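Q: Dropping the structure in here first, questions after.
What follows is calculated from the coordinates using simple rules that are stated; it is not laboratory data. Not measured: the values here are computed from a predicted model. Ideal geometry is used to build each Cβ from the backbone, glycine not excepted, and the neighbour counts take in all protein chains shown.
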Amino acid sequence: MTDNQAIKILQQQIDRLRNNSSNRSSAWNNETKRYIVEFFGENSIEYDRYWYFGAWWIINPAIDKSVPNTVEHQEKQVIALLESFINTIKNLGITRKPKMNFLYTIPNWILSLIFPALVLLGIIVGKYLDNVENIRLMQKSEKLELENKNLKQKITLEKK
């Protein structure tokens, strides 16, 4: 996902909240939470701010709706929070999760031993193959020397 797509999604969430007060529901809240986790990660400051600063009011039945402007004030706070997330994305980008592979499951000390072991294995195999090749070359050389001797004998016999 690109930064622009993330900004567009957060802007859509803000627009949904501004345009329809019935969007103050657990579905909107869960969607927004999922986006924030996707963009910033579950251990991020933004995720914590979303839950502790603004999102609790959406599903909290303890809000006193008789107090004027309480819900509207809290909506403004959540919108301001989401807009600050947009600014963060513009300035820093979204957090990319590291891609996990099988090497992440192996302890570091084992990984640090694997490299020297591979180098040593390469040296041993190289020496072995070098010796095998040398043996082949020596056998070929002996064959050629024998053929050369035979040719010399034939030439000397033909000259006589």
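Q: Which of rounded, prolate, oblate describes the range 102-159, given a ≥ b ≥ c as roots of the alpha-carbon gyration tensor eigenvalues and a/c under 1.5 marking rounded, otherwise prolate only if a/b is larger than b/c?
A: Prolate is the answer for the range 102-159, as a/c is 1.5 or above and a/b outweighs b/c.
Q: Same structure, new question: Going by average Cβ density within 10 Å per residue, which order do the peptides 101-107, 74-80, 125-131, 2-8 take, highest to lowest?
A: 74-80, 2-8, 125-131, 101-107
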